[in-house]
Structure formats: structure tokens, C-alpha cells
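Trainee: Please find one structure pasted underneath; my questions will follow.
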Amino acid sequence: MFRNYLLTALLLMKQKPVRTILSMLGIYIGVAALSAILAMHEGMRRNIENVYSTAGASVFMLQPIFDADTQQAGQLTPADLNMLKTLPGVRSVMPRLNLSRKIRGQKDVQEVGLVAADVDFFSVYRIPLKAGRFFLPEEVRTRQNVAILTEATARKLFPLSSPVGRLVDMEGKTFEVVGIAGWSADINTRARLDAEPGGLVPPGCILTEEPETSLQLIELRTSPDADETQMAKRIQSAITRDEPSRRALFATQSLREALKIEAEFSQSALSSLLAIAAISLIVGGIGVANVMLTSVTERTREIGVRKALGAKRNDILLQFLVESCILSATGGLTAILSVWVGCKAARSLGISTMPLEIPPLPTLGCLAVTAAIGLLAGLYPASRAAMRSPADALRYE
Amino acid sequence: MSEILRLSDVRKKIGEGEAALEIVRGVSITIQQGEFVAIMGSSGSGKSTLLNMIGLLDRPTSGSITLMGRDVSSLGDDEMSELRCRAVGFIFQNFHLLPYLTAMQNVCLPMDYARKAGAAERAVELLGKVGLAHRANSYPATMSGGERQRVAIARALANDPVFLLADEPTGALDSRTGAQIMNLLAELHHGGSTILLITHDEKVGRRAEKTLVISDGRLV
Ligand SMILES: Nc1ncnc2c1ncn2[C@@H]1O[C@H](COP(=O)(O)OP(=O)(O)O)[C@@H](O)[C@H]1O
Ligand SMILES: [Mg+2]
């Protein structure tokens, strides 16, 4: 019997394709919006997870801040860098530096964004190597002019042959390209970089040794077994030298903490979007209900005929319910399918910085909700159909 | 011969108060197994209303209907459907086939509602009986009026009903096709079917064994 309801529903959908598509569209849009947001939500969650599982999850960011009360700003100097290096529990420190340099390639000179990177940088942010090698500890320590280009920049500057092992000119200084890094959008998030850099050089090549040089951010990597809260306290007290007046001039935050706060913020922004998407799903449900009501009215005579042939109230009720559930479930399924395809495309084309992925459980929930909407939307029209007196239904013109 | 249907003083009132209209005003009939009865009357005389009550599609305002010795007035809607499904085979003036189903699927409908197995085989057999085996997979829109009515007759026979109820079965057909349909009904009658037919056409009415005349809601 259920097969018959299904068959009838499909036959009718085939008979009225435009109406079917229009009524599905509302559900489609609602579910598409909902699952796209869920995918973003999931993407953020995975980003955080990525950071947690990073080899150097215990990464701390130390930044000078401006104290509005005393109208003073903190100052981080190369001397602080040396001092922090000796703190117990600290494995390595590195100033976060970025600048741009004009690099002469095979064909022309191009402006390339550079980021400072020491040996740990590559393992902490899990940067894959595509060719050549990463920096050697010796090269970083003695500030040799070596560079690693990201893949895209390597291709742009050296379209004809691999740059590994070549010497390139950066505004008068000669650098040796030792490797090519496979950069992905994920790394930007993990390292909290605004954009993909064109290349990486040891910090010493960029940093001048003048004592008044002010650093915007110092990155500290601690040993993995160090306690996160205690470590943050230790760094903070070292940099403030436990002077109350300096307390408000520096901020120490673990990378984990920073990303968590950021993710929580965007997740709460997403939650309000989720509400909007839910409303559009309800609107879609109303659309389905409307189509079903029209259908019930149009098919009054059919209902009469079916009852004359022996259909009970439940037979009619189920027939219309199956129909409205199919309408909304088809809309929902195609929506999820297209968002899934969209996520894959966004990832493989590198449009999205997030590991977009439709989470299975919420998606199942989403489908269940869709089916429920189909049920709810069909319930009133279907029960109206089922309650019709067969004699009246047959007289209906 | 056993009695299968008895109506006593059946009345049907439509509307309330001032606007109330009594369409059927005290009809009593008994029908025996194997009879072929025609109820005749002019248009608007209340024939269809009466037939709907006999076929359990509608309830009388007063009076009683006894089907196979069972008073149907106490039945609920679903029990009426159940009984209608097994006991009554409807044939309508406008065929009332479902346009999106094939002839065979249309014939299967009553058996589906009776939850009967082997519906497809039986449908093919019935279509053969009405001479339409070759149109089993055709849609109603591709058939002539006479063919559609024969599919409808096959559908009415699907659950081996106690009786067939035909509401102006030739009303939408030309006289030659109408005569063919009447031949088919006569054949079914000879095969043992009980048939109750309503019509306003003298020629059609004459084909029945017994003729009752209704005028203004009363048998005369
Ligand atoms: N549900 C109804 N509401 C209003 N008028 C009705 C209703 N049912 C029947 N009638 C009226 O009652 C009369 C008899 O109807 P009907 O039984 O269909 O006659 P017949 O089948 O003999 O032509 C007609 O005038 C019809 O308009
Ligand atoms: Mg009539």
C-alpha cells in the first residue's frame, strides 16, 4: 500500500513539474542555507581541532598593548626576545615579522610578502614541503640569507624551471632559495596569518639588531607537557618583571585560547544566521502546505472516487502526507547534495579557508526536520481531504 | 433468492431550517440477490442522492438501510468504507477513472484498498472479461468513452461486490456505445451479478428486469 502512495505521489509530481519544483524551492533554499551554515560551523570546529592537534599546540602569543588608564604602551624589544628564550619551559621564541620585498624572478621583478620563520615554524603549523628542504637550525642561528617560497609564488616568479638552489635578488641582497612550501588556506588560520605569504625567511634576516626596534608580536613555543595557564602566567610575569605598572602593558595568550575566542565569536554570529535559515525553512514548509491545499481542492473529485472505491480516512490521509513528505524531503535532499558539492568545490578550488564539511549528524537532523515539516505542512490539507464526505466530494465540480 | 438490500422509509434532507430541502422523501425498496433493477426518473428527481445512500457514500436523514441483513446506520465512516469496498461496485456516468493511472492500475485500486493480494492478475483477467485486455497499460485519456466505461465496470467488479450500482452509466455515451455497455451489464446479470441502475433514459431502463420510477423524491 505504501508503495502505491509513493507511486501516486511521484506520478503527480511528474504531471505538474513546475508546481513541484516551485514548492520544493522553498524547502531547498531553507535547507541549503541551514546546511551551508552547519558546514561553516563544522569548518570552524575542525579548524580549532586542527590547532589542538598541532605538534606545538602549546604556542603563546605575547603582544604589547596600550593602557588607556596610564596612556602608556608596552614595548617589546630584541632584548626581551633573548630574555624570554631563557625562561624555563620555553622551547623556542620567534618574533612575528612580515614585510614585502621586490624579488627578481626569471622574467620580471615582483613584490612578494615575506614572513619570518624559524625551524619550529614549519612543524608547529604543519607546513608541507613540496621541494628542497626547510631551514637548517644553523642557517636560522647565523642569519643566513636563505628563503623558502610558497608554491604559487614559485610558479609566478619561476614559470620555466624550479627555483630551488637558485640565488635571487631581494632589493640588493642575494638570497638562496632552499625549498618550496605547499601552502594551503588552512595554514593561514592555524598560524593566524591574514593572507598567504609569498615566501619565508629566517627572522634574523629581517630583524635589525638595534635595541629600540619594537616588535609587534613574539611567538613562544613551550614544551608540550607544560601547563598552559601556568606558562602564560610565567611569561606574563617575566615580561612585566612583576611590576604592577607594567601589568597592563602586555598580553599573553595561548594560540589555542585566541582561536577559541575567535571561533566562539564567529559561532555565535553563525547562530543568529541559523535562526534566519530556520525561518526560511518554515517559510518553505508553508509553501508546501499551500501547494498541498491547492492539490487537495483540485483533487476533491479524486478523493470522492477513491472513497467510493473503498478508501478509508487513513488511506487518503497517508496518501497526501506521503506526497507532502516527498516534496519536502526531495527539496531537502537536493539542497544538502548541492551544498555538499559546493563545499567540495570550495575546498578544491581553494576558495574557502575553512575545512568545509557537512557534519553528518546535524545533517541527518536537518533531514528529519524537513520530513517533519513535510508532515506538518501536509497534515492540515490531508486531514481535510480525509474528512470529506464522499458524496459531496463526488458532486464537486 | 435472498434479500440483499432493504430500504425502509429512507429520507434525505439537505440544508437547515427555512432553506431545508427534502430530496428523498420516504423511499422503501427491497432488492433480491441476482436482480437487475432500474430506477428511473427525470433529472433532479433525487436518483443520485438515493443511489449514494444505497452505496454507503451518504447517510440518510431518517429511515434505515439494511445491507446483507446488517443495519448500516450505526456504522462509522471507516466501517462504511470497509463495507463499501467489499460489497459495492460503483459505475459512474463520467467513468471517474484516475487520469494518471493506467487501465490496469485503475482496476487495481479497489483491491489495493481491500488489501488483496494478486491484484494485478485479477485486473488483467477482468479487463479481458470486458474485452480490453489489450488496453491494460493505456491511460484513460487515450481511450474512447465506451472503453473507459468498460474499464470502470472492470474496476467495479474487482472485489466481487454484492451488487453493482450504476449511476447513468450510458449518460455520457452515444446511443450505440451506450447499448454495448448495457449489453455488458445484461451479460453480467446473466452471470449472476445483482445490478441496480439509475437512468432517465426509457430505452436503458427497459433493459432491466424490474423498473421503479422516482419522481420528486418518491417512488410512484
Ligand atoms: N448536497 C446537495 N446540496 C444541495 N442540493 C443538492 C444536494 N444534493 C442534491 N441536491 C439537489 O437535489 C436534487 C436531486 O439531486 P440528484 O439526486 O442528483 O438528482 P438526479 O440524480 O435524479 O438528477 C437536485 O435538484 C440537486 O440539485
Ligand atoms: Mg444524477
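Where a number appears in this text, it was derived from the coordinates with a stated rule and is not lab data. Note that the structure is predicted; figures quoted are calculated from it, not measured. In this analysis, Cβ positions are derived from the backbone assuming ideal geometry, glycine residues included, and neighbour counts consider all displayed protein chains.
Trainee: With charges only on Cβ, +1 for K and R and -1 for D and E, what is the dipole size of the stretch A:98-212 about its Cα centre, in debye, rounded to 20?
Mentor: The dipole magnitude comes to about 480 debye.
Trainee: To the nearest Å, what is the center-to-center distance of the stretch B:82-160 and the stretch B:41-71, using C-alpha atoms only?
Mentor: 24
Trainee: Sticking with this structure for a sec: Helix A:255-298: angle to the longest alpha-carbon principal axis of chain A, degrees 0 to 90, nearest 10?
Mentor: 20
Trainee: Using the charge dipole of the protein assembly as shown (Lys, Arg: +1 at Cβ; Asp, Glu: -1 at Cβ; taken about the Cα centre), state which of A:Val177, B:Phe36, A:Leu207 has its Cα farthest towards the positive end.
Mentor: B:Phe36
Trainee: Let me ask something else about it. Taking every DSSP beta bridge with both residues inside the stretch A:98-212, roughly what % is antiparallel (nearest 5)?
Mentor: Within the stretch A:98-212, antiparallel bridges account for around 70 percent of the total.
Trainee: Then there is this: Could you give the semi-axes, largest first, of the ellipsoid that matches chain B, computed as the square roots of 5 times the alpha carbon gyration tensor eigenvalues and rounded to whole Å?
Mentor: Each semi-axis is √(5λ); the values are 28, 20, 17 Å.
Trainee: Considering only DSSP beta bridges with both partners in the protein assembly as shown, what is the antiparallel share in %, to the nearest 5? Don't jump to the answer; show the numbers that get you there.
Mentor: Numbers: 51 of 76 bridges.
Once the DSSP bridges in the protein assembly as shown are tallied, antiparallel ones form about 65 percent.
Trainee: Which residue, chosen from A:Gly332, A:Met231, A:Val322, occupies the Cα position most advanced towards the positive end of the dipole of the protein assembly as shown, where the dipole is computed from +1 (Lys, Arg) and -1 (Asp, Glu) charges on Cβ about the Cα centre?
Mentor: It is A:Val322.
Trainee: With labels modelled as points extended 7 Å from the Cα through the Cβ direction, what inter-label distance (nm, one decimal) is found for A:Lys107 paired with A:Ala368?
Mentor: 5.6
Trainee: A follow-up question, please. So which GluC sites (Glu not before Pro) in the stretch B:1-109 are both in a DSSP loop and have at most 11 other Cβ atoms within 10 Å of their Cβ?
Mentor: B:Glu16
Trainee: Return one number: the angle in degrees, 0 to 90 and rounded to the nearest 10, between the long axis of the Cα atoms of helix B:77-87 and the longest principal axis of the Cα atoms of chain B.
Mentor: Long axis of B:77-87 versus the principal axis of chain B: about 60 degrees.
Trainee: Taking springs between alpha-carbon atoms closer than 10 angstrom, which of A:Glu196, A:Glu171, A:Glu262 fluctuates most in the Gaussian network model of chain A?
Mentor: A:Glu171
Trainee: When only DSSP loop residues count, what trypsin sites (Lys or Arg not before Pro) in the stretch A:157-259 have their Cβ near at most 10 other Cβ atoms within 10 Å?
Mentor: A:Arg241
Trainee: Sticking with this one: Among the aspartates and glutamates, which fall within straight-line cross-link reach of A:Lys260, defined as a Cα-Cα distance under 12 Å, with same-chain neighbours fewer than 8 residues apart omitted?
Mentor: Leaving aside aspartates and glutamates fewer than 8 places away in the same chain, those within reach of A:Lys260 are A:Glu49.
Trainee: For chain B, give me the percentage of DSSP beta bridges that are antiparallel, rounded to the nearest 5 percent.
Mentor: Beta bridges within chain B, antiparallel portion: roughly 50 percent.
Trainee: I'd like to know which of A:Gln71, A:Asn47, A:Pro360 lies farthest towards the positive end of the charge dipole of chain A, counting +1 on Cβ of Lys and Arg and -1 on Cβ of Asp and Glu.
Mentor: The listed residue farthest towards the positive side: A:Pro360.
Trainee: Sticking with this one: According to the Kirkwood expression over distinct Cα-Cα pairs, how big is the hydrodynamic radius of the stretch A:98-212, in Å? All intermediate terms of the calculation are to be shown ahead of the outcome.
Mentor: Values: mean 1/r = 0.0708 Å⁻¹.
Averaging 1/r across every pair of different Cα atoms and inverting gives 14.1 Å.
Trainee: Follow-up. Give me A:Lys307, B:Lys47, B:Lys13 ranked fewest to most by other Cβ atoms within 10 Å of their Cβ, as a rough exposure proxy.
Mentor: Lowest count first: B:Lys13, B:Lys47, A:Lys307.
Trainee: Helix-only mean residue ellipticity at 222 nm, the protein assembly as shown, DSSP H runs n ≥ 4 weighted -39,500 (n - 2.57), per residue, nearest 500. What is it?
Mentor: Helix contribution divided over all residues of the protein assembly as shown: -15500 deg cm²/dmol.
Trainee: So what is Rg over Rh here for the stretch B:102-192, counting just Cα atoms and using Kirkwood for Rh?
Mentor: Checking Rg against Rh, the ratio lands at 0.95.
Trainee: Quick one: B:His96, B:His200, B:His190, fewest Cβ neighbours within 10 Å first, how do they rank?
Mentor: Listed from fewest to most nearby Cβ atoms, that is B:His190, B:His200, B:His96.
Trainee: Further, regarding this structure: Roughly how tilted is helix A:17-52, in degrees to the nearest 10 and between 0 and 90, from the longest Cα axis of chain A?
Mentor: Tilt of helix A:17-52: around 30 degrees.
Trainee: Please turn the phi angles of the stretch A:181-192 into ³J(HN,Hα) values with the Karplus equation 6.51 cos²θ - 1.76 cosθ + 1.60 (θ = phi - 60°), one per residue in order, whole Hz, x for glycine and proline.
Mentor: So the J values, rounded to whole Hz, are 9, x, 9, 10, 4, 4, 5, 4, 5, 4, 8, 6.
Trainee: Over the protein assembly as shown, consider all pairs of different Cα atoms and compute the Kirkwood hydrodynamic radius from their mean reciprocal separation; express it in Å, one decimal.
Mentor: 31.5
Trainee: Taking each residue in A:309-320, count the Cβ atoms of any other chain within 10 Å of its Cβ, then average. What number comes out?
Mentor: 6
Trainee: To the nearest 20 Debye, how big is the dipole of chain A about its Cα centre, given +1 on the beta carbon of each Lys and Arg and -1 on that of each Asp and Glu?
Mentor: Here chain A has a charge dipole of around 1940 debye.
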